[in-house]
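These notes are about the structure you will find just below.
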Amino acid sequence: MATTKYLTSSIPSYGNRKGWIPRCESDYGGGGAYPEIDVVQYPLDMGRKPEKKGNALPVQYDSEGNIKYDMILRQGSNKNKVIYSKLQDLLPSEVLNQDELVKPSEEEVHKATETTKAALEKLTNSKISAALPVRCAEKQSDAQYIRYTPSQQGDNHNSGAEQRIIRIVEVQRDPLEPPRFKINKKIPQAPPSPPPPVMHSPTRKLTVKEQQEWRIPPCISNWKNARGYTIPLDKRLAADGRGLQQVHINEKFAKLAEALYISDRKAREAVEMRAQMERKLAQKEKEKKEENLRQLAQKAREERAGIRQAVDDDNSDGDLDEARERDQIRHERQKERQRERNIQRAAPDKRSKLERQRERDISEQIALGMANPRSNTTEVQFDQRLFNQNKGLASGFGDDEDYAVYDRAWRSNQATSSIYRPSKTVDSDTYGDELEQLSKNRFVPDKQFSGADGTSKRDGPVQFEKQQEEDDPFGLDKFLTEVKKASKRPEASSSNYENRSTYKKKRD
């Protein structure tokens, strides 16, 4: 059979062995080495040195092609232990058989309890009895019977018996016999439990940002500096850890801002609506007043023309009295306006004279004798009180030490209230309650026109000035004329022009 094996092997014939190298024992065919092949050969493992055992483990792969790193944990005393070193071991196992989840019966629970109890009692009793100086005899187990069948059969062997029944009994031990073996011998400590597997990714190089985040700044006190070092502000700020805090803005701030914006917009809309309503009400009130004034004007025109309307019986006597007083006031004002127009038309020079006298200063009026209306006579009058005086300018005008410009009050016999400001009750006997009626402003509009001057009072109708049409709106002709008249020294001409203008103003 060996010859057949060697013949059927794949050994090339002599002369065709170029490039062929024997690898296994069958390549030698039970013979020696091949001298024509220049490689180290060990036929029948002759001359091969035994390999030295090392601590290096061969690399092993699992079914998916990954390296089994947990083989390192299965060396030595942990060879036969159950080691959980995979991620699948951490996941809960899936129970496919529903019978495994069924609660055990009472018989199984009782049986497991008794077995566990017996094992624990055996351990404790053996340790207690070993510590006692005198021990009770151990209880011998029952005898065991074994059927023995010898391999040699025959009449000459085993007394011609084919089988034998052997009774095995435990040898009885003397309870007072000292221990045969030393049990206080120091035994090397057993290897510890394997390290727990750490499921993490392989180590990677730290980035600059991670290194900065892991950098712990030195502790700098805000109160003590025994050595007087100059500590930068950035180091002080880094010590309190404020750079490690991430500021998180609550999203409710945006909701609050949006609610405030919406409320502000609603408030503005409400204010605008109220303003529109107020404008409408004011417009209606204005139209109502204008209608009232229009009716009063129409009534005045009718009364001036002599047309009397029938008075209704519903009007009371008080309304008639008030209407009569208003008509009387209106009639008197009409007379005053008519008189002013007549004076303006008849004697304009007299009006200008009165205006000039009215615009004079009080000192000029006193000097001209215009302050006292009773002194307006054609004869020259003198104040007799100024004559036969022992004081005044002739006698030195008082003492030099006195700080008094005037020696006595001017017009002390007349009340000063009538000079500067008239009282409300001065003309009450003459005009009655006319001031209270005028204060109601029934015939004056509430709002004046924009651009109107309310301080001055007109004596006649409004006078308009016609706008003159300019022949040269852009001022080109004036510019060309000034250029032609300009001299060689513009500064001198301008200064002369300014001097001439100032001289003309002074002369005027």
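Just so you know, all these numbers are worked out from the coordinates, no wet-lab data involved. Predicted, not measured: the structure shown is a model, and the values here were computed from it. Positions of Cβ are generated from backbone atoms using ideal geometry, with glycine treated the same way; all protein chains shown enter the neighbour counts.
Below 14 angstrom from the Cβ of Val271, what's the summed charge of the other residues (Lys, Arg +1; Asp, Glu -1)?
Summing Lys/Arg as +1 and Asp/Glu as -1 gives +1.
Stretched out fully, how many nm does the piece from Gln276 to Leu87 gain, at 0.36 nm a residue minus the Cα gap?
Numbers: separation 189, 0.36 × 189 = 68.04 nm, distance 7.65 nm.
Roughly 60.4 nm would be gained on extension.
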Completion exercise
Extension length gain for Val483 and Asn97 (0.36 nm per residue less Cα distance), in nm, is 126.9 nm
Exercise for the section: Check the stretch 254-301 and count each lysine pair with an alpha-carbon distance under 28 angstrom, considering only pairs eight or more places apart or from different chains. Expected result: 9
Handout entry: Violating pairs (Cα-Cα greater than 29 angstrom) within the set Lys103/Lys127; Lys205/Lys235; Lys52/Lys81; Lys49/Lys186; Lys209/Lys235; Lys18/Lys49
Key = Lys103/Lys127; Lys49/Lys186
Exercise for the section: Could you check how many percent of all C-alpha pairs in the stretch 54-171 are farther apart than 18 Å? Expected result: 81 percent
Practice task
Could you work out how far apart the two model spin labels at Asp327 and Cys219 are, taking each label as a point 7 Å from the Cα in the direction of the beta carbon, and quote it in nm?
Solution key: 10.7 nm
Exercise for the section: Report the net charge of residues surrounding Leu206, where surrounding means a beta-carbon distance below 13 angstrom and charges are Lys +1, Arg +1, Asp -1, Glu -1. Expected result: +2
Problem - Residue (of Ala297, Gln276, Ile262) at the positive-pole extreme of the stretch 254-301, dipole from beta-carbon charges - result: Ala297
Handout entry: Extreme residue, positive dipole direction of the stretch 114-193, given options Thr115, Pro179, Pro191 (C-beta unit charges)
Key = Pro191
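Can you give the local net charge around Ala238? Use residues other than it whose beta-carbon is closer than 15 angstrom to its beta-carbon, Lys and Arg +1, Asp and Glu -1.
On the way: positive: Arg215, Lys235, Arg236, Arg242; negative: Glu213, Asp234, Asp240.
For residues surrounding Ala238, the net value is +1.
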Problem - Separation in nanometres of the label points that stand 7 Å from Cα toward Cβ, at Glu290 and Ala190 - result: 11.5 nm
Fill in the blank from the handout: From the Cα centre of the stretch 54-89 to that of the stretch 19-47, the distance in Å is 36 Å
Problem - Pair His200, Asp45: separation of 7 Å Cα→Cβ label points (nm) - result: 4.6 nm
